[in-house]
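Every number in this text was worked out from the coordinates using simple rules, so none of it is lab data. Owing to the predicted nature of the structure, the values given are computational and were not obtained by experimental measurement. Cβ sites come from the backbone with ideal geometry, for glycine too, and all protein chains shown count toward neighbours.
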Amino acid sequence: MSLPAPDLDDRRFQDIVDEAKRRINRLCPDWTDHNVSDPGVALIELFAWMTEMTLYRLNQVPDRLYVKFLELVGVELFSAVPARADLLFRLTAAREDTVRVPAGTQVSTERREDEAPVVFLTDSELRVTPPKLIACLTHTGDRYADHWEELRREAATVQLFPTLQVDEAVYFGLQESAAGNLLRLDVTTGPEGAGVDPRRPPRVWEAWDGTWKNVRILDDTSAGFNSTGEVTLLLPMKHEALAIGAKRAFWLRCRLVRPVEGQPDYTNPPILEQLSAVALGGAVPAHHAEPAPAELLGASNGRPGQVFQVRRVPVLPRRFDETVRVVLPRHERTGEPEEQEWTEVADLSDAEEDDQVFTWSGANGEVRFGPRVLDREGRVWQHGAIPPVDSQIYVTGYRFGGGRRGNVPADRLTVLHTSIPFVAGVTNLDASAGGVDAETVENAKVRGPMLLRGGRRAVTAEDVERLTLDAAPNVARARCLPPDNPAEPARLLVVPRVDVAPENLTLDDLAISDELEETIKAYLEPRRLLTMRLRIDAPRYQGVKVVAEVRASPGVRAETVRERAERALYEYLNPLTGGPSGQGWPFDTDLKLGDVYGVLHGSFGVQGVEAVHFFSADLRRKRTLDQVEQRLRLLPEALFMSYEHRVVVQQ
């Protein structure tokens, strides 16, 4: 059965006639008789009929020719997007010299009988540097106090947070950057800082990377400077130097914050007696990919438009050292082969005859060289050079992989493919995310007509939304809103595509990464109007909690009914899969009580719905707010998102 193809042009006879008549006043102002009896109008109808027949035949193009037409106008399949994760390497023991984990280190999940392991490659080199403390400051109000000499003496003490005011802090300066390093601070304290909940002390650790960024606390046996213990911290990937007063160092600080509601605060300022630091490992970004070595694609036949294909697909975006090498036949005089490295381009339309360029499709792995084109005047144009006859075509290497398969849970990337001195093991503390499968032909067939209608220019809000979806496969939804004030930029709301179960979706999963934002900006910049200004934001996510009581059908387990009903609510009240269409909850659409009744009635095993209550919720603070009677208003620029639904089942 052939797949239905969308119409390339959906105009009908009357549409074409009306369009032609609208142009008469502008193109032929002396033509005033537009009645059906006028010979000119008869000609318009004749040509409209002929045009409609042409459009009808065009819309009957078989699927294969339709796809070839899309290729002709430059529509290509989007390649797969690799999932990303931070990999934490732990050392066998603290070292006095720097330990290096090279870029491109391979880490994978364990091999299973039914599937191959998922392999990740590190993006950059990791340097685990022994930390050397060189400064200690405290900050109260607008005054800094230097306590470095006190901290170095064995019998001295340093009072932390002396007035117990929010935002008081203690600063520790390091001689070198500890970017991405896993540090253990050995803390010796007195009993003075009592009063706080040792499991949730009111403090945060931060590091300077141009701004103060939160440091991840993996363990704190000191209970917030309450007792002698160890604080294990994972620093962010950037750690920059900053001058505070007369001290310039790479700073790490502990700042006092307001306690969580219901939790106690310090009754007295804690006392620090001694502190030392060691490095236990470090984290580095990685992406789902496997390396492929240099590969011979074949020999050139000297003809234009040659196509070669690599063995492994999908191919990830190439790095600077991943290209095509053309090895020419042996030189007549020297007898040695000559090698040329050619340059990859996005397309060959602007290439000159002697330009050594090629295109490389990530989705199908095809390497294409310049075609020869005959224009309407009979002239021949060569777009890009042709590899000489009998020259060998190589790729210097590439990376393949990507897709949803790379979205693995936390603590699954534990197999190190190569032994690294002084490294004991590796893991991913968080689930990897961002992996998107390569685009299907069916999706490209739907996208093609939209591209033809709107071109490649961002003029209207709909154009911006369409081009944003084209910019990256990991964009699920886009909404462009005009500015409230002409002096302000328009807002582009982006919902990233994530492979997370609806019941596990969190605000952090829907955060727009810096990489995605830069990809969208780079794609829209050459396509926007000069006067158009855009600011990329995430929508506001408005929490909804449903509490319902349902009656189970005879013979169906109550637990099964509850699970299915709650899953249906999570899927329906979801920015990615929710709403009546299943394409994400629509903007500017309120939630009605009847909508929830309909979802529960349609759930498996539900015979009747006894009662439904729904509440607004604060997703960031993770708490329920006010109960709503009949309708929950959706705030402007917001989308609904589920929060801790609860279904009670009666047998």
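Considering amide H positions built from the backbone, and no H for Pro or chain starts, which residues 5 or more places from GLY190, or on another chain, come under 5 Å of its amide H?
The answer is ILE271, GLU273.
Between the DSSP loop rule and a limit of at most 14 other Cβ atoms within 10 Å, which trypsin sites (Lys or Arg not before Pro) in the range 167-273 are left?
Listed in order of number, the matching sites are ARG199, LYS238.
Using the Karplus curve 6.51 cos²θ - 1.76 cosθ + 1.60 with θ = phi - 60°, work out ³J(HN,Hα) for each residue of the range 426-432 in order, rounded to whole Hz, and write x for Gly and Pro.
Ordered by residue, 3J(HN,Hα) equals 8, 7, 10, 5, 10, 5, 6 Hz.
By how many nm would the segment from ARG646 to THR211 lengthen if fully extended, with 0.36 nm per residue of separation less the alpha-carbon distance?
152.6 nm
Please name which of GLY262, MET237, THR105 has its Cα lying farthest along the dipole of the chain towards the positive end, using unit charges on Cβ (Lys, Arg +1; Asp, Glu -1) and the Cα centre as origin.
Among GLY262, MET237, THR105, the one farthest towards the positive end of the dipole of the chain is GLY262.
May I ask for log10 I(q)/I(0) of the chain at q = 0.07, 0.09, 0.10 Å⁻¹, from a Debye sum over the Cα atoms as equal point scatterers with solvent left out?
Taking Cα atoms of the chain as identical point scatterers yields -0.69, -1.05, -1.21.
Taking only Cα atoms of the range 274-424, what ratio of Rg to Rh do you get with Rh as the Kirkwood inverse-distance radius?
Result for the range 274-424 is an Rg/Rh of 1.16.
Around LEU635, which amide H atoms from residues at least 5 apart in sequence, or from another chain, sit under 5 Å from its own amide H, with H modelled in the peptide plane?
HN-HN under 5 Å from LEU635: empty list.
For the range 232-372, what's the relative contact order in percent, using C-alpha pairs closer than 8 Å and at least 6 residues apart?
19
Only Cα pairs under 8 Å and at least 6 apart count here; give the relative contact order of the chain as a rounded whole percent.
13
Based on the Cβ-Cβ distance of ASN35 and ALA490, what FRET efficiency does E = 1/(1 + (r/R0)^6) give at R0 = 45 Å, to the nearest 0.05?
Working from the Cβ atoms, E equals 0.45.
Going 7 Å from the Cα of ASN364 in the Cα-to-Cβ direction, what parts of the range 295-311 have a backbone nitrogen less than 11 Å from that spot?
308-309
Residues in the range 7-27, backbone N under 19 Å from the label point at LEU43 (7 Å along the Cα-to-beta-carbon vector): list them, ranges by number please.
16-27
Taking GluC sites (Glu not before Pro) as candidate sites, keep only those in a DSSP loop with at most 11 other Cβ atoms within 10 Å, then name the longest stretch of the chain containing none of them.
378-628
Give the value in nm², to one decimal: projected area of the alpha carbon convex hull of the range 340-461, averaged over all directions.
Mean orientational projected area (the range 340-461, Cα hull): 14.4 nm².
How far apart, in nm, are the 7 Å Cα→Cβ label points at LYS68 and ILE420?
Computed distance between label sites LYS68 and ILE420 equals 5.1 nm.
Give, rounded to the nearest 20 debye, the magnitude of the charge dipole that the range 13-60 has about its Cα centre when Lys and Arg contribute +1 at Cβ and Asp and Glu contribute -1 at Cβ.
Approximately 180 debye in magnitude.
Would you grab the residues whose amide H sits under 5 Å from the one on VAL648? Only those 5+ places off in sequence or on another chain, please, with H modelled 1.01 Å from N.
The answer is ALA548, GLU549, VAL550.
Quick check: the distance between the Cα centres of the range 170-199 and the range 80-156, to the nearest angstrom?
15
Determine the dipole magnitude for the chain: charges of +1 sit on the beta-carbon of Lys and Arg, -1 on that of Asp and Glu, nothing else is charged, the reference point is the Cα centre, and the result goes in debye to the nearest 20.
Charge dipole of the chain: 640 debye, to the nearest 20.
Which whole-Hz couplings ³J(HN,Hα) result when phi for each residue of the range 377-392 is put into the Karplus expression 6.51 cos²θ - 1.76 cosθ + 1.60, θ = phi - 60°, listed in order with x for Gly and Pro?
Working through the residues one at a time gives 9, x, 7, 9, 10, 9, 9, x, 5, 10, x, x, 4, 6, 6, 8 Hz.
Could you give me the radius of gyration and the Dmax of the range 456-537, taking only the C-alpha atoms into account and expressing both in angstrom?
Taking only Cα atoms of the range 456-537, I get Rg and Dmax of 13.2, 43 Å.
Using θ = phi - 60° and the Karplus form 6.51 cos²θ - 1.76 cosθ + 1.60, what ³J(HN,Hα) does each residue of the range 164-176 get, whole Hz, x for Gly and Pro?
Couplings: 6, 8, 4, 6, 5, 8, 10, 10, 10, x, 9, 6, 10 Hz.
For the range 540-650, what relative contact order do you get, as a whole percent, if you take Cα pairs closer than 8 Å and at least 6 residues apart?
48
Given the chain, what percent of its DSSP beta bridges are antiparallel, to the nearest 5?
90
For a 30 Å ceiling on Cα separation, which of these pairs sit above it: LYS213/LYS622; LYS213/LYS545; LYS445/LYS545; LYS213/LYS592; LYS445/LYS592; LYS247/LYS521?
Beyond 30 Å between Cα atoms: LYS213/LYS545; LYS445/LYS545; LYS213/LYS592; LYS445/LYS592; LYS247/LYS521.
Given a Förster distance of 60 angstrom, what is the FRET efficiency for ARG623 paired with ASP10, based on the Cβ-Cβ distance and rounded to 0.05?
0.75
How far apart, in nm, are two points set 7 Å out from the Cα along the Cα-to-Cβ line at TRP148 and at ASP197?
Roughly 3.8 nm, to one decimal.
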